[in-house]
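Inspection log for the structure reproduced underneath, given as structure tokens.
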Amino acid sequence: MNALQAVPLTDSVYWVGAIDWTIRDFHGYLTSRGTTYNAYLIMADKITLVDTVKQPFFSEMMGRIASVVDPSKIDVVVSNHAEMDHSGALPQTLAAVQPEKLYASKMGARGLARHFALPMEITPVADGETLSLGNLSLQFMETKLLHWPDSMFSYLPERELLFSQDAFGMHLASSQRFDDEVDDWVLDHEATKYYANILTPFSPLVTKLLAKVQETNLPLKMIAPDHGPIWRKDWQRIVARYAHWAQMVPTRKAVIVYDTMWGSTCMMAKAYAEGLMAGGACVHQLPLGASHRSDVGTQVLESGALLIGSPTINGNLFPTVADTLAYLRGLNRLNLIGTAFGSYGWSGEATRQVAQGMEEMHVEMVAEPFRVQWVPTAEDLQRCFDTGRQIAEEMTKRADECGCEVH
Ligand code: FEO
């Protein structure tokens, strides 16, 4: 018996993906709620599979396809994105299904050929090209660097359905397949975290893409991403969030990220926080002994100020701070102000190294980096407090938005 079931999106489109309840580390991103790898079956005259799944989930995808149609009847496979969570099962799928054609973007064709020894040619499709599936059709739209060079959307005009690969997705393992079946706060949290950690570096391109989509004025009923729920009730909501996030608007939320060895840097962090709050900012503190780098990325997305503190250890940054600095530099969240701080015993290099890292992230350093030897005195803590308040006042001048919603 095949217990696996496809889930219908329309009369002719089915979700045939896989649910990964186990994954917690997705190339450095803490996926606390697991994820899904969404693949879609279009029951057109030319039966079409859009994307596949991560390799270990091949059988799950095939079982779901088999609940609708004999997989060997699939005529066409489209790869919207070559990353392995969507193409890992492609070689086995092609071997099992033997479709007539495999389509990908030009860069996708190159990327897939470099990753896999595929048993068939890949036909590259161009931006704007339409592929006839008989009674239905697919229109392709390149979305280069959103978030890989190969990425593209496929649009099914007859059902007004956009297959958006990673875009508009989230990492959420769930038995619910649609946005209206999931609690709003879960959608908000996971969509925010996903944008923050996957798409922030490409924000200028997100703005351009959304303008292009708006120009083409595609009639749209549903957005079907490659992770998480399908947007059928309120796709406008996620598109509006993307438009907003891509602007990287500064808010009145300050994020304080630090680690501490014997408590001194923590004392400084708390004094900065009190000053920030006294100045009218809201504050989110992320002690790195208890916070994952991807949760830092999430909080920074909707913030206006970033303060980073590190003790000096062996003439260097504390390891967790070094990790988070490297990660944040990659995310490239712009329009932040901030400062660096830390404690030390005898050499004290870390504060300067943090400040240097923050400058490389284009954080505008509105207060002198401050380092304290051994344990901060009452005067030192007063200076941290005063600096916090001064940063809060600067934030108020620059930000209209609160940004204090808890995610
Ligand atoms: Fe879900 Fe970029 O892969």
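The values are calculated or read from the model by the stated rules, or taken from the named source; none is laboratory data. Because the structure is predicted, anything quoted here is derived from the model rather than measured. So basically every Cβ, Gly included, is an ideal-geometry build from the backbone, and we count neighbours across all protein chains shown. All accessible areas refer to the heavy atoms of the entire protein, side chains included, with ligands and DNA or RNA removed. Shrake-Rupley method; radii C 1.70, N 1.55, O 1.52, S 1.80 Å.
Things worth noting here:
- The single condition from (1) touching a Pro at 6+ places or on another chain (Cβ under 7 Å); (2) aliphatic (A, V, I, L, M); (3) buried (at least 24 other Cβ atoms within 10 Å of the Cβ) that Leu331 fails is (3).
- Residue count for region 192-214 satisfying the condition of being away from the ligand (no atom under 16 Å from the Cβ) and open to solvent by 10 Å² or more (accessible area, probe 1.4 Å): 8.
- Some residue of region 67-80 being among the acidic types (Asp, Glu), surrounded by fewer than 22 Cβ atoms within 10 Å (Cβ to Cβ) and away from the ligand (no atom under 16 Å from the Cβ): yes
- Top-ranked residue in region 31-44 [being over 19 Å from Ala3 (Cα atoms) and either of a type in the set (D, E, K, R) or part of a strand (DSSP E or B) (or both); ranked as nearest to the ligand (Cβ to nearest atom)]: Thr35
- Checking each residue in region 45-66 for being among the charged types (D, E, K, R) and away from the ligand (no atom under 16 Å from the Cβ) picks out Asp45, Lys46, Glu60, Arg64.
- Test for Leu220: is it open to solvent by 10 Å² or more (accessible area, probe 1.4 Å), within 16 Å of the ligand (Cβ to nearest atom) and outside the structural domain of Gly338 (by TED's automatic domain parsing): no
- Filter result (within 17 Å of Gly309 (Cα to Cα) and in contact with a strand residue (DSSP E or B) (Cβ under 7 Å, 6 or more places away or on another chain)) within region 385-407: Thr387, Ile391
- Every residue from region 54-81 that is within 22 Å of Leu133 (Cα to Cα) and not in a helix (DSSP H, G or I): Ser67, Val68, Val69, Asp70, Ile74, Asp75, Val76, Val77, Val78, Ser79, Asn80, His81
- Of all residues in region 81-105, exactly one satisfies the criterion of being within 26 Å of the chain's Cα centre (by Cα) and away from the ligand (no atom under 16 Å from the Cβ), namely Tyr103.
- Considering Glu83, Glu158, Glu129, the condition of being crowded, with 17+ Cβ neighbours inside 10 Å and either modelled with pLDDT of 95 or more or outside the structural domain of Gln236 (by TED's automatic domain parsing) (or both) is satisfied by Glu83 alone.
- Test result for Val50, over 25 Å from Lys233 (Cα atoms) and open to solvent by less than 10 Å² (accessible area, probe 1.4 Å): no
- Given (1) among the aliphatic types (A, V, I, L, M); (2) on the phi < 0 side of the Ramachandran plot; (3) touching a Leu at 6+ places or on another chain (Cβ under 7 Å); (4) open to solvent by 40 Å² or more (accessible area, probe 1.4 Å), number of the condition Ile122 does not satisfy: (4)
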